[in-house]
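The values are calculated or read from the model by the stated rules, or taken from the named source; none is laboratory data. For clarity, every value in this text was computed on a predicted model and none was experimentally measured. Please note: Cβ atoms are built from the backbone with ideal geometry, for glycine as well, and neighbour counts cover all protein chains shown.
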Amino acid sequence: MEQAHRRQFLVRSIALALLSGARVEAQQRIYRIATLIPSSDGTGAHLRRALFGRLEELGYRGGRNLVVEGRFAEGRIERLPALAAELVALKPDIVFAVGTQATLAALKAISTIPIVFVLVADPVGSGIVMSLRRPDANATGLSAQVVEIQGKRLQLLKEAFPSVSRVAVLHKPLNTPELLLLSALKEASTTLALNLRVVEARSPEELAPAFKTLEIEGPDAIYVIEGPLQFVHRERIVEFANGRRLIAVYGAAEFVEAGGLMSYSNNWLEHYRAAATYVDKILKGAKPSELPIEQPTRFDLVLNLKTAKAQGVKFPPSILLRADRVIE
């Protein structure tokens, strides 16, 4: 009898030791997240803080169970394929990609590693996923619906400043998503009886000539598309527009925070936080092919009253009442 008890005690001890070891191993697992970002390290730091802040809330902490490898294209989307290839070689558990071009580059380089994306203009139309409800790919995430809101943004510009008739659009050619946005803008401009003039800038070096063109042509307003090049150099663009007292509408609130006049866009911080939930689900075993694409339900109108005063313009009450955020 005593021998039997000893055997049972030994079996239980071994089982508990194995279980304890398994728990320790699970707790010590380190996840590797790769980030592929078309902008620069500094210009989108607040957005990544939103992503990793939410991941920390979900139990992932750098230096303990999380390693992050980041690659930045500095606004030059042509660099994205090479950067995606670098990330694949690191064999991450998951890739976080920002925007259409970064997601397409990641998909081309990666066939099996899960991808979570944000700020993709048209996930189905761009060939990233089969459908919003069931991606049927190794990628999922959040659609930006930026194509749909171009007309609304232009409408808000016209409502805020009815005298505007000639609008210059600052655009980077050869960027497929921007071409979609430009098409939507042209359609909306016809309805609003606005004359659009597209001013191109392919690189940071071409911004100065673009600004010179704007100075010569003297449009009533400038419309800045939310592309990577524009986002990286937003302070430079805002400084130019404000210095020439140009009425300007931008594709992200970050431009207004940098001193720009007005913006209408998705809440990018919310997108990054929501992406962390996708990352968490996938790391816990969910398949990206079965996680539906999330579409934005909130669009923010942000106004900068300080800039308006400096430029000698006023927002009408109808616009002020609809503002989601006002910077004074």
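Computed values, structure above
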{"item": "Residues within the stretch 114-155 that are without any contact (Cβ under 8 Å) to a residue 40 or more places away in the chain, assigned to a loop (DSSP other than H, G, I, E, B) and surrounded by 15 or more Cβ atoms within 10 Å (Cβ to Cβ), tallied", "result": "1"}
{"item": "Residue within the stretch 109-122 that is in the same structural domain as K281 (by TED's automatic domain parsing), over 14 Å from A139 (Cα atoms) and modelled with pLDDT under 95 present", "result": "yes"}
{"item": "Test for L83: is it surrounded by 20 or more Cβ atoms within 10 Å (Cβ to Cβ) and either charged (D, E, K, R) or farther than 21 Å from A286 by Cα (or both)", "result": "yes"}
{"item": "Residue match in the stretch 13-31 (condition: surrounded by 10 or more Cβ atoms within 10 Å (Cβ to Cβ), at pLDDT 65 or above, among the β-branched types (V, I, T) and not in a strand (DSSP E or B))", "result": "yes"}
{"item": "Any hit, the stretch 242-256, residues being more than 28 Å from E159 (Cα to Cα) and at pLDDT below 95", "result": "no"}
{"item": "Residues being over 18 Å from G75 (Cα atoms) and either touching a strand residue (DSSP E or B) at 6+ places or on another chain (Cβ under 6 Å) or assigned to a helix (DSSP H, G or I) (or both) - total across the stretch 183-210", "result": "14"}
{"item": "For K284: the one exception among (1) over 21 Å from V224 (Cα atoms); (2) touching a Phe, Trp or Tyr at 6+ places or on another chain (Cβ under 6 Å)", "result": "(2)"}
{"item": "Any pair with Cβ under 7 angstrom, 6 or more apart, that starts in the stretch 68-84 at a residue that is within 20 Å of L51 (Cα to Cα) and part of a helix (DSSP H, G or I) and ends at one that is at pLDDT 90 or above and of a type in the set (A, V, I, L, M, F, W, C)", "result": "A84/L36; A84/A105; A84/A106; A84/A109"}
{"item": "Residue check for K281: without any contact (Cβ under 8 Å) to a residue 24 or more places away in the chain and assigned by TED's automatic domain parsing to the domain that holds T43", "result": "yes"}
{"item": "Some residue of the stretch 166-182 being assigned to a helix (DSSP H, G or I) and more than 21 Å from F299 (Cβ to Cβ)", "result": "yes"}
{"item": "Residues of the stretch 255-298 satisfying the condition of being outside any helix (DSSP H, G or I) and crowded, with 22+ Cβ neighbours inside 10 Å", "result": "G260, L261, M262, S263, Y264, S265, N266"}
{"item": "Output for the stretch 220-244, where each listed residue is assigned to a helix (DSSP H, G or I) and buried (at least 23 other Cβ atoms within 10 Å of the Cβ)", "result": "P228, L229, Q230, F231, R234, I237, V238, A241"}
{"item": "Answer from A248, A193 - the residue that is surrounded by fewer than 23 Cβ atoms within 10 Å (Cβ to Cβ), small (G, A, S), over 29 Å from T35 (Cβ atoms) and assigned by TED's automatic domain parsing to the domain that holds G151", "result": "A193"}
{"item": "Matching residues, the stretch 160-175, being over 19 Å from L207 (Cβ atoms), surrounded by 15 or more Cβ atoms within 10 Å (Cβ to Cβ) and not aromatic (F, W, Y)", "result": "A160, V164"}
